[in-house]
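Nothing in this text is a laboratory measurement; each read-out follows from the coordinates by a stated rule. Source: prediction; values computed, not measured. So basically every Cβ, Gly included, is an ideal-geometry build from the backbone, and we count neighbours across all protein chains shown.
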Ligand code: NI
């Protein structure tokens, strides 16, 4: 058995280390996933005014700022039983949903695509043929003219002639696992560049209601502060205009590109490459009319899609058996005498990430879980988006539980959100039209309960996010976060149950162990955010709300 260490995994947020053991056929037999960055925002939050929780928690991550900002404020609102006015909820949803689109597009093109696109091979492409391929996956392909592809090719040639590929340097170019044709490479690469503009524009949309992004400022306990923006038709129009543009890109570039990738790698999908344990978790949410949510809540075990159980938050436990915590203390023990990092062993601790479990099981959350659970629970709005994709690509629903399938679920979800986000805008406009302009629930902070606790659960781009707060004498005394990547990148438990990242790597064959491209593909397909994932255990409290923190090592 040979061990390969990849540290750090690049093109993600934060520091992730992967160790894999391969047999004589270069097939992965065991994997250890490790969060290498100690955080500690919970310590900083202690003794602060609960109304500041959002601005402090927003600093957990530089990417997921809005998600933590909102979840922190919501957990404080839950603690004080403060209900939001309708407009406050809708504007928060608009910011969150725009963030889904930003995150998903950036993930696919800028964080993951180069695992599949060989930049150097695109130089051999025939621009005319590239344009033809564009028509294969979309009726109105995005920026698909012959001349456009000539321009992209020239740009690339200039990079190569100058002897530097700029942001495209350091790839495993020429690796045998790259399967796309020269033309397919050029087509996807051209959308890589277009997606940079998408990223800028959608950030502007979030900033319309957020004041700025990243780190929006407009959510306060009880409501939102972007009242003037909400009441200004020009600002609403700006938001709508950007979202229409975003939908255009998603429908004509992102979704067709993922279909292209799915078709090119269908043999790997059918072979189940990148399948994790099949335990899925979603808390649902995003109500767009009186009765319906964008996503359903539920739990699936072991790919048993016919039986979706109801989500029950009391079944969540956090374990630290393999994490660098020991009861109440931090116990970082993995340095050799010379200061280098020890490689992980079965019985060791090897990560700053804890292992949350649901009913004793390691779970996977994220777009794949949301899409599967919503579809299987009969959400009739998401159904046509899923059916269209799997029919066109000749897949079964279970095929989505793979490396490429996770990307498919993310693209399906983006197409779905970019269509239904307009229902949220319509609801807002209807409210305002009928003189409901409330944006804040009035309360006197000094008169609120002094000692209380609260929690908030949200679906955010990478999966289930939960925040828990305990307040004593109007100060935060305990704070705890379980982020989506905490679920997915969890280290093993004492029984040897692997986290989703680890399980998805087992059985993967490496073409060339010195260039472990296949490992990157699997891990990137989850969209890791390690800055989000690492959260310390509370030093004093072993229990927060109904949540038991299991501390035995
Ligand atoms: Ni994050």
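From largest to smallest, the equivalent ellipsoid semi-axes obtained for the stretch 208-263 from the alpha-carbon gyration tensor read 32, 15, 7 Å.
For the chain, the relative contact order works out to 25 percent when only alpha carbon pairs closer than 8 Å and six or more residues apart are counted.
Taking the Cα atoms of the stretch 1-86, the ratio Rg/Rh between the radius of gyration and the Kirkwood radius comes to 1.23.
The value of relative contact order for the stretch 434-523, using C-alpha pairs under 8 Å at least six residues apart, is 15 percent. Pair-distance distribution of the stretch 401-546: all C-alpha pairs, bin width 5 Å, starting at 0; shares per bin in whole percent are 2, 7, 11, 13, 14, 13, 12, 11, 9, 5, 3, 2, 1, 0. Between residue 307 and residue 161, the FRET efficiency estimated from the beta carbon spacing at R0 = 56 angstrom works out to 0.45.
Normalised by 2.2 N^0.38 Å, where N counts its residues, the alpha-carbon radius of gyration of the stretch 332-480 equals 1.53.
Using only alpha-carbon positions in the chain, the gyration tensor eigenvalues give semi-axes of 36, 31, 21 Å once each is multiplied by 5 and square-rooted (largest first). Where the alpha-carbon atoms of the stretch 379-446 are placed on the principal axes, they occupy 55, 33, 16 Å, in descending order. Peptide packing: for 521-527, 238-244, the average count of neighbouring Cβ atoms within 10 Å per residue gives the ranking 521-527, 238-244, highest mean first.
Packing here is the average count of other Cβ atoms within 10 Å per residue, and on that basis the peptides 428-437, 57-66, highest first, run 57-66, 428-437. Counted over the chain, the DSSP beta bridges are approximately 90% antiparallel. Taking every alpha-carbon pair under 8 Å whose residues sit at least 6 apart, the stretch 188-275 reaches a relative contact order of 23 percent. Annotation: extensible slack from residue 128 through residue 51 equals 21.9 nm (criterion: 0.36 nm per residue apart, minus Cα-Cα distance). Put the Cα centre of the stretch 166-199 next to the Cα centre of the stretch 235-293 and the gap is 20 Å.
Peptides 10-16, 512-518, 411-417 ranked from most to least packed by the mean count of surrounding Cβ atoms within 10 Å: 411-417, 10-16, 512-518.
Taking the centroid of alpha carbons for each part, the stretch 1-74 and the stretch 398-412 are 22 Å apart.
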